[in-house]
Amino acid sequence: MSSQHTDPQNMRSHITRMGDHMVAALEIVMEAKSSFKLPVLDSVSEIVICGMGGSAIGGDLVANYLRDVSPVPIDVIRSYRLPKHISTRSLVIVSSYSGNTAESLDLFEQAMTRGAQIVCVTTGGELEAKAVANNLPLVKLPGGMQPRAALAYSFVPLLVLISAVLKLKDFGDTIIGVGQHLKELAVLYSNVGNGNPAYDLAEKLTDKIAVIYSSDDLSSVNLRWRGQLQENGNHLAFGNVLPELAHNEINGWSFPIGFAKDIHLVILRSREDDHPSVLRKMDEVRALLIKRGLGITELTAIGKNKLERLFSLISLADWSSYHLALLENIDPTEIPAIDELKRS
């Protein structure tokens, strides 16, 4: 297949510039934060992030990243209904890149009715109008991207705002370091040819169904991988996490006979962050599935701290899905099935 398909909306540029986006997003949220008052920790019993698709994945990453240090639960809601327990002691952050996502707007109205403490993160649309009309804290993002290409803008503001409410460390320097790390990785992962793990994996996936395995600690990164392969690559992808999959899914790899030839397994590891028992179990799962005839690629997080390592795997997801799209001769920006459903 040709790898020269045009990219009219410049998905490549957005992926390349994610490091710059991290720093720009930090500047935007710091300026916005100086103009409003955040809830105090004593008034917050839980944090709920409302969003869909590319606007929600930043929330997943923040919740995953902070779950070992957050004094209150952090949850992500992807639906039309808020849980019953949302109340005046709930901090609800509504994240919608377009500002017009139906589910997010419904959740906003329910949060208002419950008297929740609300912060809005958006480029504009109805969500901005509602935030301004109700004098709510608002972080306004730059437009012009697909939501999945604006991950830095959905992640950094949430991390900064939530860590401020929870009185956690200032992540500013860490975010800047991640931005630099992503710039360095883009130089390697953007190349076409041998030695680039993102391109090598894309070649392996062209005629395969992708299955992504990781630790539960990397569940949000796992979800990002599936989303990028599905949206950028228009490619079927599934996934699961350890240790849970070792208690059920692993038993299903025997049947139907011969299906392994159509699947390529991608194992994501972060050796410094994954639980030692999970790393051992991952080795056992890998050995078992090799016997089942599966093709397997292992990818290991790299970086000097946990956030750099998380985003190193995200960078691999972005670039692998981009190369896969071009190998399949499709535009990595277009999402025809999603657009059709939105029109229906």
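Laboratory data are not the source of any read-out in this text; all were calculated from the coordinates shown. In this text the structure is predicted, and so the values were computed from the model without any measurement. Here the Cβ is made from the backbone with ideal geometry for all residues, glycine too, and neighbour counts use every protein chain on show.
Here are a few things to note about the model shown:
- Residue among 312, 211, 293 farthest towards the positive dipole end of the stretch 191-327, charges placed on Cβ: 293
- For 206, 101, 88, 123, order by how many other beta-carbon atoms lie within 10 Å, fewest first: 88, 206, 123, 101
- What you get for the chain, charging only the Cβ of Lys and Arg (+1) and of Asp and Glu (-1), is a dipole of about 480 debye around the Cα centre.
- Mean-position separation - Cα centroids, the stretch 209-246 and the stretch 92-111, in angstrom: 25 Å
- The charge dipole of the stretch 191-327, taken about the Cα centre with unit charges on the Cβ atoms of Lys, Arg (+1) and Asp, Glu (-1), comes to about 220 debye, rounded to the nearest 20.
- At 1.306 mPa s and 10 °C, Stokes diffusion of the stretch 206-344 via Kirkwood alpha-carbon radius, µm² per second: 100 µm²/s
- When each of 14, 275 is scored by the number of other beta-carbon atoms lying within 10 Å, the sequence from fewest to most is 275, 14.
- For the chain, taking the reciprocal of the average inverse distance between every pair of different Cα atoms yields a Kirkwood hydrodynamic radius of 20.8 Å.
- Span-like helix ranges in the chain, DSSP H, alpha carbon extent 24 angstrom or more, Kyte mean at least 0.0: 172-189, 306-327
- Distant-in-sequence amide H partners of residue 46 (H built 1.01 Å from N, under 5 Å): 91
- Across 167/304; 204/261; 204/306; 33/306; 37/306, pairs whose alpha-carbon gap is larger than 20 Å: 167/304; 204/306; 33/306; 37/306
- Volume per residue of the C-alpha convex hull in the stretch 15-67, rounded to whole Å³: 110 Å³
- Sorted from longest to shortest, the spans of the Cα atoms of the stretch 11-174 along the three principal axes equal 42, 34, 27 Å.
- Based on Cα contacts under 8 Å between residues 6+ apart, the chain shows a relative contact order of 21 percent.
- Helix-only mean residue ellipticity at 222 nm for the chain, each DSSP H run of n ≥ 4 adding -39500 (n - 2.57), per residue, nearest 500: -14500 deg cm²/dmol
- Oblate is the label for the stretch 179-244. Its Cα gyration tensor axes, ordered a ≥ b ≥ c, give a/c of at least 1.5 and b/c at or above a/b.
- Förster radius 45 Å - calculated FRET efficiency between residue 132 and residue 305, Cβ distance, rounded to 0.05: 0.75
- Note on the chain: with a GNM built from Cα contacts shorter than 10 Å, the maximum mean-square fluctuation among 190, 320, 45 falls on 45.
- Note on the stretch 114-222: with charges restricted to the Cβ of Lys and Arg (+1) and Asp and Glu (-1), its dipole about the Cα centre is near 360 debye.
- Cα centroid of the stretch 307-332 to Cα centroid of the stretch 139-178, whole Å: 20 Å
- log₁₀ of I(q)/I(0) at q = 0.12 Å⁻¹ - the stretch 109-249, Debye sum with one point per alpha carbon: -0.75
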